[in-house]
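**Student:** Below you will find the structure I want to go over with you.
The values are calculated or read from the model by the stated rules, or taken from the named source; none is laboratory data. Given the structure is predicted, the values throughout are model-derived calculations rather than measurements. Positions of Cβ are backbone-derived with ideal geometry, glycine not excepted, and every protein chain shown enters the neighbour counts. Side chains are part of the model used for accessible areas, which takes the heavy atoms of the whole protein and leaves out ligands, DNA and RNA. Shrake-Rupley method; radii C 1.70, N 1.55, O 1.52, S 1.80 Å.
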Amino acid sequence: METFEIKAFGTDSKTEALKELTIKRRVTTPKDVEIDILFCGVCHSDLHTARNDWGGSAYPVVPGHEIVGRVTKVGSEVSKFKVGDIAAIGCIVDSCQECASCKQDLEQYCIPGFTGTYNAKDKHLGGRTFGGYSEKIVVEEHFVLKVPENLDLAATAPLLCAGITTWSPLKHWNVTKDSKVAVVGLGGLGHMAIKLAKGLGAEVTLFSRSPEKEKDAKELGANEVIISTDSAQMKKVAGKFDLIIDTVPYVHDVNEYIPTLNINGTIVLVGYLGPLDPMLNTVPMIMGRKSVAGSVIGGIAETQELLDFCGEHNIVSDIEVIKMQDINEAYERMLKSDVRYRFVIDMASLKN
Ligand code: NAP
Ligand code: ZN
């Protein structure tokens, strides 16, 4: 297959800093769209993958799955995009498109497995896929999204992962203006969950370990902030929530949140991936028909629905724009929860 070389930023091992690398992209095939990347958001999953927190990272890792850019080339069969259009790519660049999940627009649950934007097996070139910390990306049209014209492009990038990952459970669990929603952790996913739940009209509460984030949380749309380490505050919201979206990236005690669910309520884990410690106590679940669930990103149609909703409601991420060369420092700040509330890389910095 024909390829071309571009600049990217990535790492050769879990202990090394990210640095400039050269990678290959395929030359557009008839179904492909080639995009010049303008902005790429920085997700905690980028850090987990670069540092092999989940196992399974194959190096070099070039992260980035919150991509907004300009179309520079389209294949002969492409009909939705033309050269010059603004387009976006999220966490999925391929799936079988034939299984029961794909047929229901649930590519994120593709039965043979979806192809992630980075560190997934690349069906075209072999090796692994490389993400948005790069000059260009080539993706099949089906997986390319349209960006509403009224939204700021840099602040739109985080909708492609932080946005859809919180939107999908809000929609699946039917959040409306009558719902009481709580969000655990005010980072990239958490701040989008607050804005989107608010956008749907729900009453929103933030659970945080960080009292200094209270003012921001209220400005983002939270009605109330509960400091999760204060047991008196936790007792105050017993039995309150229809849905809790838990975005905490590391192992933590989920049992603390279950009593704050209403009867039939659900806590959806979207952050931490792995065995829980301590184990779950079933008593409050059984005694209140409460559920503990998980959810991964969202399908392509649902991501477009989210982008359109954000266009209508003027919702974007609160961002700090950084240069590509600042990425290692940004990761250290993310580990200290020092992000207000998403880093976005201005990819012009890689091209200069
Ligand atoms: P982030 O910006 O770093 O935010 C995480 C927030 O969680 C922090 O701001 C902090 O909020 C809280 N937190 C951090 N460490 C904690 C700890 N040890 N105990 C309790 N709270 C802690 O991360 P993100 O980009 O939002 O990503 C969050 C997680 O979601 C990551 O693990 C990421 O890999 C995962 N993710 C999952 C999906 C999916 O499809 N399921 C998609 C994208 C990302 P406070 O300061 O308010 O406590
Ligand atoms: Zn992500």
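**Student:** Tell me which residues, restricted to the range 60-89, are part of a strand (DSSP E or B), open to solvent by 40 Å² or more (accessible area, probe 1.4 Å), closer than 19 Å to Arg26 by Cβ and not hydroxyl-bearing (Ser, Thr, Tyr).
**Tutor:** Within the range 60-89, Arg70, Lys73, Val74 qualify.
**Student:** Looking only at the range 123-180, which residues are among the hydroxyl-bearing types (Ser, Thr, Tyr), assigned to a loop (DSSP other than H, G, I, E, B) and either within 16 Å of ligand 2 (Cβ to nearest atom) or assigned by TED's automatic domain parsing to the domain that holds Gly75 (or both)?
**Tutor:** Correct list: Thr129, Tyr133.
**Student:** Still on this structure, please answer the following. Which ones in the range 98-149 are free of Cβ contacts under 8 Å to residues at least 60 places away in the same chain, among the acidic types (Asp, Glu) and open to solvent by 60 Å² or more (accessible area, probe 1.4 Å)?
**Tutor:** Answer for the range 98-149, where residues must be free of Cβ contacts under 8 Å to residues at least 60 places away in the same chain, among the acidic types (Asp, Glu) and open to solvent by 60 Å² or more (accessible area, probe 1.4 Å): just Glu98.
**Student:** Please specify each residue of the range 70-122 satisfying the condition of being among the aliphatic types (A, V, I, L, M) and away from ligand 2 (no atom under 16 Å from the Cβ).
**Tutor:** Val71, Val74, Val78, Val83, Ile86, Ala87, Ala100, Leu106, Ile111
**Student:** Next up: Inspect the range 147-158 for any residue being modelled with pLDDT of 95 or more, over 16 Å from the mean Cα position of the chain (by Cα) and within 30 Å of Phe241 (Cα to Cα) and give the result as yes or no.
**Tutor:** No; the residues of the range 147-158 include none that is modelled with pLDDT of 95 or more, over 16 Å from the mean Cα position of the chain (by Cα) and within 30 Å of Phe241 (Cα to Cα).
**Student:** Still on this structure, I have one more. Could you look through the range 252-299, keep only residues that are out of contact with any helix residue (DSSP H, G or I) (no Cβ under 6 Å at 6 or more places or on another chain) and assigned to a helix (DSSP H, G or I), and pick out the one that is nearest to ligand 2 (Cβ to nearest atom)?
**Tutor:** Val254
**Student:** Something else now. Any residue at all in the range 250-261 that is under 18 Å from the mean Cα position of the chain (by Cα) and free of Cβ contacts under 8 Å to residues at least 24 places away in the same chain? Please lay out each step first, then the result.
**Tutor:** Looking only at the range 250-261, we keep the residues that are under 18 Å from the mean Cα position of the chain (by Cα), and these are 250.
Still in the list and also free of Cβ contacts under 8 Å to residues at least 24 places away in the same chain: 250.
The answer is yes; a qualifying residue exists.
**Student:** I'm checking my understanding of the structure. Among residues of the range 22-59 that are more than 9 Å from ligand 1 (Cβ to nearest atom) and of a type in the set (Asp, Glu), which one is most open to solvent (accessible area, probe 1.4 Å)?
**Tutor:** Top of the filtered list is Asp36.
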